[in-house]
1. Going from most exposed to least, what order do E264, E292 have by accessible area with a 1.4 Å probe?
2. Using a 10 Å cut-off on Cβ atoms, rank the peptides 339-346, 250-257 from the highest mean neighbour count down.
3. Let a ≥ b ≥ c be the square roots of the eigenvalues of the Cα gyration tensor of the stretch 53-160; is it rounded (a/c under 1.5), or, if not, prolate (a/b larger than b/c) or oblate?
4. With a cut-off of 18 Å, note down the residues of the stretch 118-147 whose backbone N falls inside the zone around a label point 7 Å from the Cα of R170 toward its beta carbon.
5. Mind checking the per residue accessible area of the stretch 319-389 for me, 1.4 Å probe, whole number of Å²?
6. Tell me the relative contact order for the chain as a rounded percent, counting alpha carbon contacts under 8 Å between residues six or more apart.
7. Can you tell me, using C-alpha contacts under 8 Å and at least 6 residues apart, the relative contact order of the stretch 263-388 as a whole percent?
8. Can you give the FRET efficiency for K271 and W230, using 1/(1 + (r/R0)^6), R0 = 51 Å, r = Cβ-Cβ distance, to the nearest 0.05?
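The values are calculated or read from the model by the stated rules, or taken from the named source; none is laboratory data. The shown structure was predicted, so the numbers you read here are calculated from the model rather than taken from an experiment. As a convention, Cβ positions derive from the backbone with ideal geometry for all residues, glycine included, and neighbour counts pool all protein chains shown. For accessibility, only protein heavy atoms count, side chains too; no ligands or nucleic acids. Shrake-Rupley method; radii C 1.70, N 1.55, O 1.52, S 1.80 Å.
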Amino acid sequence: MKKGKGIKIPFHKPFLTKDEIPSVVECLKSGWLTMGHKTEEFENKFAGYIGSKNAVSLNSCTAALHVALAAIDLKEGDEVIVPDMTFSATAAVVTYFGARPVIVDVERETHNIDIKEIEKAVTGATKAVIPVDFGGQPCDMDEIVSLAREKNIKVIEDAAHALPASYKGRTVGTLADMTCFSFYVTKPLSTGEGGMMTTENDEWADRARILRLHGMSKDAYKRYSGHGSWFYEVTDAGFKYNMTDIQSSIGISQLKKVEWMRKEREKIAKKYSEAFSRECALTAPFVKSDRESSWHLYTIILDEKQLNISRNEFIEELKNKGIGSSVHFIPLHIHPYYRDKLGYAGKTFPNSQWIYERTISLPIYPGLSGGQTDEVVEAVLDICKKNKK
Ligand SMILES: *Cc1c(COP(=O)(O)O)cnc(C)c1O
């Protein structure tokens, strides 16, 4: 393989510092490695931070979405509405039940699911909608929840990007029937792998707690601690979806600085948007005035009418300048599974297609220095200038 020039500024780097390391060491020394007191502490602190009644930890956001759909008793033949512009996990979980992910188009400006498209897609078989907070910007949650109430369907928010984020002054995690977060390595809070489901509904939370650990009626740690005995009952064909105390120890440390990390990303976003506002061939992300993004992603849209360079070439040029970037997302309907197996070939999603063809995600994370942010700005503006029509 040809050796490229080194990447000086990677697209993403998790922000792990001296806070996380002693927490993990303490956990290892305690001798209790998997789900136990640390996981309980993480869940309690997470619920407290969000302001939700229940927080159920899981080993991924995918697992959280899966148990959330199980909690509402999704069945074969049911339908769940999902946006085209998302990561495949949002839709894949629906197929686990033999149910159908009904893919709908998004708004051009926010890249979030379009309420009008949800309205058109609801049928008698619809059981839920999974709005995805793209890049960390909350969807139109009031409109979505009120439509869902009217149609008697549930709202399971995919907030993999949205920690912390707020909507009309309310925290994401309290807006939908259930909300699923990701602690994957690239996400705003990272435990390597991990996830959390928040809900006000105790029944759904209990069902998720049972399903995440073999369908057992009690958590293993309660079995071995003073709370119980050797006895347990399997009440469901559950999964192995629990978090570990090692992950939770990282999570507890990360949770303390989620606000600070968001502010760091917001500063970078402001700097980018300010600089790019003077370049008419670029559109910066648009956030509606009644909500705050977590700024998990910073995506620009290229105006092909003003540029002599394709999106893919633009990414290559950034790479040549030592800057990593990415594309969010390859729309669901383009992936062979959804296109060929689920019958989305020939279906059109004009906005998500339009976004996909023009978008680039730039580095945005705490630890990206001011100088590095300037370098990214300079590189992007330089590529635009050199490739003007
Ligand atoms: C990352 C991501 C997921 C999956 O999260 P995991 O924790 O890796 O399972 C789901 N939805 C969206 C929108 C994501 O970006």
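1. Values: E264 40, E292 95 Å².
Ranked list, largest accessible area first: E292, E264.
2. On the way: 339-346: 12.9, 250-257: 21.2.
Going from most to least packed, we get 250-257, 339-346.
3. Rounded, because the longest to shortest axis ratio a/c is under 1.5.
4. 129-134, 137-147
5. Values: 3230 Å² over 71 residues.
Accessible area per residue, the stretch 319-389: 45 Å².
6. Working: 802 pairs, mean separation 88.8, N = 389.
Answer for the chain is 23 percent.
7. Values: 136 pairs, mean separation 44.5, N = 126.
It rounds to 35 percent for the stretch 263-388.
8. Values: r = 58 Å, r/R0 = 1.14.
The value I calculate is 0.30.
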